[in-house]
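Notes to accompany the following structure.
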Amino acid sequence: MIEDHRVELRYRCTSCTSVEYSSNTVAIHESAVQLLTGDEFYRSVVVHNNAADAEVAARESRRQERDERASLMKAWKEEDAKRLERNEVRRQEYKEELRQWEEERAKAKLERRRMTHVKPKLGRLEAPLPKPALAHIDEEEDESDDSEEED
């Protein structure tokens, strides 16, 4: 089957480092002038084309992951901004309650009486949500955890 798909004859000089074939560069590792035809050359071209296709597929996969992460990060940043706003509103409310309490405390001191209620507390604020992680990183961690449990 390989003999049916032979490529045209090409020659390569020892000073050359690659051969151009179908707008791709095919690396040939032999030294000396040689006839670039036959089964070996065809196999090297097929291997090179497969590697180039795999590289393009990997690049596309990384681009899709980057786009997915960017959209997840955008949504996370919007939620985090809302959380920060809610926390800021809570702080402002606390400052107002504290101001009123201090006024009442000063009034109670002047009247020489005890305070009837305790100083207000800010309380817990909303904690940030964890940043989104890439799916393939999570899968690798799960696999490594499983392998450690088996040992």
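The values are calculated or read from the model by the stated rules, or taken from the named source; none is laboratory data. Please read all numbers here as calculations on a predicted model, not as lab measurements. Here the Cβ is made from the backbone with ideal geometry for all residues, glycine too, and neighbour counts use every protein chain on show. Calculation scope for accessible area: heavy atoms of the full protein, side chains included, ligands and nucleic acids excluded. Shrake-Rupley method; radii C 1.70, N 1.55, O 1.52, S 1.80 Å.
Counting residues in region 100-116 that are surrounded by 11 or more Cβ atoms within 10 Å (Cβ to Cβ) and in contact with an Asp or Glu (Cβ under 9 Å, 6 or more places away or on another chain) gives one or more.
Considering only region 117-134, state which residues are closer than 30 Å to S71 by Cα, among the charged types (D, E, K, R) and surrounded by fewer than 11 Cβ atoms within 10 Å (Cβ to Cβ). Quick ask: steps written out before the conclusion?
Taking region 117-134 as the starting set, the residues that turn out to be closer than 30 Å to S71 by Cα are 124-134.
Retained after the next criterion (residues that are among the charged types (D, E, K, R)): 124, 126, 131.
Once the filter is applied, which keeps residues that are closer than 30 Å to S71 by Cα, among the charged types (D, E, K, R) and surrounded by fewer than 11 Cβ atoms within 10 Å (Cβ to Cβ), region 117-134 yields only R124.
Cβ-Cβ distances below 9 Å connect the following pairs, each with a first residue in region 103-115 that is modelled with pLDDT of 90 or more, a second residue that is open to solvent by 60 Å² or more (accessible area, probe 1.4 Å) and among the hydroxyl-bearing types (S, T, Y), and a separation of six or more residues or different chains: E104/T116; A108/T116.
Kindly establish whether A51 is within 24 Å of K131 (Cα to Cα), hydrophobic (A, V, I, L, M, F, W, C) and modelled with pLDDT of 50 or more.
On the way: within 24 Å of K131 (Cα to Cα): no; hydrophobic (A, V, I, L, M, F, W, C): yes; modelled with pLDDT of 50 or more: yes.
Spelling it out, it is not the case that A51 is within 24 Å of K131 (Cα to Cα), hydrophobic (A, V, I, L, M, F, W, C) and modelled with pLDDT of 50 or more.
Does R86 satisfy the criteria of being open to solvent by 60 Å² or more (accessible area, probe 1.4 Å), under 30 Å from P120 (Cα atoms) and not small (G, A, S)? Considered against the rule, which asks whether it is open to solvent by 60 Å² or more (accessible area, probe 1.4 Å), under 30 Å from P120 (Cα atoms) and not small (G, A, S), R86 comes out as yes.
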